[in-house]
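A short worksheet on the structure shown next.
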Amino acid sequence: MQTANLLPLVLVLAVVAYGLAYMRSRAVAAPLGGIRNLKALPFYYAARAALWCAIPALIVLATWAGFEGKIIQGIVIATLPPDTWPESPGQASLILSQISNVAAGKLNPEFVPEHIAGAASVLEAMESRSENFKATLVLLIAVLGGTFAWTRVAPHINARKNVETTLRRIFFVCAALAVLTTAGIVFSVFFETVRFFNRVPITEFLFGTSWSPQTALRADQVGSDGAFGVIPLFTGTLLISAIALLVAVPIGLLSAIYLSEYASKRMRSTIKPVLEMLAGIPTVVYGFFAALTVAPFIRDLAGLVGMEASSQSALAAGLVMGIMIVPFVSSLSDDVINAVPQTMRDGSLALGATQSETMKKVIFPAALPGIIGGILLAASRAIGETMIVVMAAGLAANLTANPLESVTTVTVQIATLLVGDQEFDSAKTLSAFALGMLLFIVTLLLNVVALKIVRKYREQYD
Amino acid sequence: MTDQRSQAEIVRKSLKRRYRKERRFRLYGMLAIFIALASLVTLFADIISKGHTGFVKTTITLDVNLDSELMYLEDPTDADQRSMADFVAPIVAALQEQLPEVDGAGEKRELGRLLGTYAASEISDVLINNPELLDTTQTIEFLAHDRVSVYVKHAGNPRYSIKLSEQQQRWVDELLEKGVIDTSFNDVLFSRGDSREPANAGVLGAIVGSLLTMLVTLAISFPVGIAAAVYLEEFAPENKLTDFIEVNINNLAAVPSIIFGLLGLAVFIGLFGMPRSVPVVGGLVLALMTLPTIIISSRAAIKSVPPSIREAAEGVGASKMQVVLHHVIPLAMPGMLTGSIIGMAQALGETAPLLLIGMVAFIVDVPGGFFDSATVLPVQIYLWASSSEQGFVELASAAIMVLLTFMISMNALAIWLRKRLERRW
């Protein structure tokens with residue numbers, strides 16, 4: 001039985017356990033003179049039975065489903081004759097996909113070598129055995145768990161405490177999932193990065209000035225080793241992010257100031273949500289806009305004044321990205337401007353300063369750390385943004401500061417290197433993970449610093 | 001005395017300049033808002049102007065004589081005969097009836113090119129379903145070729161007619177006049193999956209893929225997010241571990257989405273051996289991505305439940321867990337729902353992580369389950385937008401409009417919920 005069917009079945013069993021335990025708790029309570037003689041309400045006995053039924057079974061199911069594929073693959077490979085054992089992970093995945101295609105009936109067994117056809121039948125047998133075994137085990141555990149809890153429906157047992165402790169633990173696990181996710185990110189990126197640095201020295205990666213990850217399919221091909229210098233990617237990312245910030249910071253900051261200091265309440269409550277729509281629009285839509293409207297427009301405009309612009313200019317991607325992060329900057333600046341105590345504002349105005357002077361000479365300096373924190377957060381968002389640059393920036397790694405030329409970014413390279421089929425052990429694929437690691441570290445640092453500044457600033461006025 | 005007067009004088013003199021500065025500053029603020037709003041309007045206008053034609057299809061309606069001799073087909077139920085038959089010939093013949101001046105094999109071939117790529121299979125489908133219609137005349141509606149469609153939709157704009165020869169343009173004009181070629185609402189868009197042919201491509205496959213992915217995301221991130229928020233707000237002891245969890249959540253909220261794609265690729269596909277391009281993996285990745293958003297907004301909702309409620313419940317003897325389950329969570333639910341809907345809307349528009357887990361494959365069939373290969377709306381938009389054909393660009397803009405409609409309705413729902421259910425204490 002498949003995992004997808006097993007899951008609802010376990011849940012049904014849990015509901016059954018709930019019902020049975022509920023009835024039993026009532027039955028147990030009846031001769032004692034009603035449910036008030038139980039240590040807990042019938043609901044808790046029932047809920048405990050349902051938890052006992054579902055949780056262990058689901059844990060076993062998840063573990064099994066998570067690892068069955070890999071283990072079966074390992075066994076299937078081991079049954080191949082020793083002289084056909086794969087030499088590299090790439091070859092192994094090729095053989096495995098052949099085997100599974102034969103097993104799924106997509107490939108005629110007569111067209112493949114005999115050992116593969118044999119392995120396919122092994123695979124089929126293993127899969128069906130695994131499914132049967134999994135179903136039996138999971139259902140058995142569910143039934144046993146439910147039965148156990150059912151037998152423990154007794155007046156002297158405080159089921160409420162059990163249920164509450166379990167729930168509390170479940171809540172904790174859910175909260176800890178965030179830690180697990182971070183760990184998952186770090187480890188998934190880290191191991192591949194280490195493998196990458198085994199092939200390409202870390203100094204070449206960090207300080208190399210040329211990026212062309214095309215590695216040859218055959219060893220004897222011309223230009224077989226790609227260049228993995230991250231500098232052009234990084235300057236490209238910085239160029240586009242800088243353009244974006246040049247657009248977003250003035251617009252975001254000024255509109256936040258206007259809305260918080262000058263605008264009437266009504267204007268504020270209509271314009272703010274509209275501005276926030278800019279943040280809600282999917283990035284792929286911005287990418288579309290940048291690539292198909294803004295970029296050709298900039299190219300034509302540059303042509304009119306006699307300059308030459310690439311049709312995938314950094315300027316187009318940067319401008320559109322800037323528009324995208326306007327609401328981000330404006331809502332963060334709005335927060336920090338509002339956090340400046342009203343007394344400072346009143347004091348300045350009472351001395352005869354105009355509103356703009358109060359803003360520029362009193363509130364802005366006071367809010368500056370918070371605003372800088374906000375800008376750093378916006379920068380980290382711009383650096384990590386993917387779709388706009390994938391669609392509107394180029395692929396060629398040019399080391400340039402000219403916004404009319406085409407540049408590429410870290411995220412573009414990650415996306416293009418990993419889209420489509422890839423073998424997991426070529427330097428080309430691994431380099432994407434190294435770039436991911438770099439991106440993760442840079443954005444993490446920016447965020448940590450920004451949050452620290454913002455927090456420190458808030459404490460100052462609290 | 002003189003000193004004071006001169007100071008007052010200085011202030012008065014400078015007033016004009018200062019007021020001017022004040023006005024200028026105000027103007028800058030208005031200008032900034034104007035630029036932001038203008039970009040929003042431009043964006044929408046651009047997409048609507050590019051995409052409205054995507055909702056229109058161009059059809060060629062013909063009385064086709066299903067002549068068995070012309071098609072070299074005697075028995076439509078015979079698959080072998082069908083594979084040899086010429087289904088295009090009767091359509092071209094019917095077209096020729098409308099355009100008597102067409103003559104010669106070359107012109108006939110040119111005429112046939114007005115038809116969509118799948119016109120032949122439309123005839124064959126008719127005959128498979130109703131073999132008795134052989135040798136009768138039927139009125140059948142065909143999809144026109146994308147080139148014709150683009151030409152018709154942008155009539156008079158020379159930029160869009162370059163793909164048709166002048167002769168073909170004349171024919172199309174004539175057929176348009178006769179009402180043979182006509183435009184109508186593009187129902188294909190909402191009833192089919194992707195296709196290599198713009199006229200035959202639709203967003204249904206992507207919509208269903210998005211729906212399946214979102215279901216997985218919702219099923220995971222909503223309960224887990226609320227549980228995590230409840231733990232952190234109500235149960236977490238003040239210690240290093242809790243701090244660590246909080247720092248992690250805040251940082252995850254700012255991790256670039258493409259990194260979650262790397263996580264999905266390495267863990268779900270690499271480590272657990274899950275298949276590529278399936279809604280389950282997409283949903284899992286998006287769930288991890290939206291979790292921080294949901295946790296943060298749920299925590300705010302829980303925080304806004306006044307302590308008096310908790311104290312009252314505890315006062316009548318409820319346990320901590322009962323307080324939370326019976327009072328805090330129901331009261332915080334509107335806020336949690338709002339946060340979750342906004343998080344889901346974000347996930348619906350997310351593209352980058354799904355590229356990495358292989359949801360960019362070209363998939364024609366509408367997915368039927370969580371383990372079927374699928375694509376989602378934003379990825380479909382990306383795929384169509386990267387194509388150079390005008391027909392696909394139109395479709396991409398049309399799909400953007402569909403996506404934005406979904407997102408705006410989700411956000412409107414969130415706002416409505418907040419207005420309707422939120423209590424002020």
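A short reminder: the numbers here are calculations on the coordinates, not readings from a lab. If you're wondering where the values come from, they're calculated on a predicted model, not measured in any experiment. Counting neighbours? That spans all protein chains shown, and the Cβs are built from the backbone with ideal geometry, glycine included.
If the label point is 7 Å along Cα→Cβ of B:R24, which residues in the range A:243-277 have backbone nitrogen under 17 Å from it? Counting backbone N atoms under 17 Å from the label point, the list is A:254. Compared with the dominant principal axis of the Cα atoms in chain B, helix B:240-252 is inclined by about 40°. Dipole magnitude for the protein assembly as shown: computed about the Cα centre from +1 point charges on Lys and Arg Cβ and -1 point charges on Asp and Glu Cβ, it is near 6480 debye. The mean sequence separation of alpha-carbon pairs under 8 Å and at least six residues apart, normalised by the residue count of the range B:297-425, gives a relative contact order of 28 percent. Rounded to the nearest 0.05, what FRET efficiency do B:Q169 and B:S388 have when you use their Cβ-Cβ distance and R0 = 25 Å? Once the sixth-power term is evaluated, E becomes 0.70. Between the C-alpha center of the range A:121-167 and that of the range A:194-208 there is a gap of 49 Å. Loop-located chymotrypsin sites (Phe, Trp or Tyr not before Pro) in the range B:339-412 (DSSP state other than H, G, I, E, B) with a sparse environment of at most 14 neighbouring Cβ atoms within 10 Å: B:F362. Neighbour counting of Cβ atoms within 10 Å sorts the residues A:C53, A:C174, fewest neighbours leading, into A:C174, A:C53. Residues B:K16, A:K161, B:K153, ranked from the fewest to the most other C-beta atoms within 10 Å, line up as B:K16, A:K161, B:K153. With neighbours defined as other Cβ atoms within 10 Å of a residue's Cβ, the residues A:F228, A:F172 order from fewest to most as A:F172, A:F228.
Since only A:A302, B:V305, B:L31 are under comparison, the one whose Cα sits farthest along the positive direction of the charge dipole of the protein assembly as shown, derived from C-beta charges on Lys, Arg, Asp and Glu, is B:V305.
Between A:D346 and B:E422, the FRET efficiency from the beta-carbon distance, with R0 = 35 Å, is close to 0.65.
Please work out the C-alpha center-to-center distance from the range A:361-432 to the range B:236-304 and express it in whole Å. Distance between centres, Cα-based: 21 Å. Sort out for me the Cα centre separation of the range B:364-379 from the range B:1-80, rounded to whole Å. Rounded to whole Å, the Cα centres lie 31 Å apart.
Normalising by residue count, the protein assembly as shown has a Cα convex hull of 250 Å³ per residue. Which stretch or stretches of the range B:215-238 have amide N atoms under 19 Å from the point lying 7 Å from B:A318's Cα along the Cα→Cβ direction? Answer for the range B:215-238: B:226-236. Applying the Karplus relation 6.51 cos²θ - 1.76 cosθ + 1.60 with θ = phi - 60° to the range B:97-113 yields 3J(HN,Hα) values of 4, 6, 10, x, 6, 5, 8, x, 4, x, 5, 5, 5, 4, 5, x, 6 Hz, where x marks Gly and Pro.
Evaluated with a Cβ-only charge set (Lys, Arg +1; Asp, Glu -1), chain B carries a dipole of roughly 4540 debye about its Cα centre, given to the nearest 20.
Cross-link reach is defined here as a Cα-Cα straight distance under 25 Å, omitting same-chain residues fewer than 8 places apart; for A:K161 the lysines meeting it are A:K39, B:K320. Normalising the average separation of contacting C-alpha pairs (under 8 angstrom, six or more residues apart) by the number of residues puts the relative contact order of chain A at 16 percent. In chain B, helices alone account for a calculated mean residue ellipticity at 222 nm of -20000 deg cm²/dmol, with every DSSP H run of four or more residues adding -39,500 (n - 2.57). Which residue, A:M344, A:I202, B:V255, has the largest displacement toward the positive end of the dipole of the protein assembly as shown when charges sit on each Cβ (Lys, Arg +1; Asp, Glu -1)? Going by the charge dipole, the pick is A:M344.
Of the chymotrypsin sites (Phe, Trp or Tyr not before Pro) found in the range B:1-106, the ones in coil according to DSSP and having at most 15 other Cβ atoms within 10 Å of their Cβ are B:Y72.
Couplings 3J(HN,Hα) of the range A:359-370, computed from phi: 4, 6, 9, 10, 6, 4, x, 5, 8, 3, x, x Hz, in residue order, whole Hz [Karplus 6.51 cos²θ - 1.76 cosθ + 1.60, θ = phi - 60°; x for Gly and Pro].
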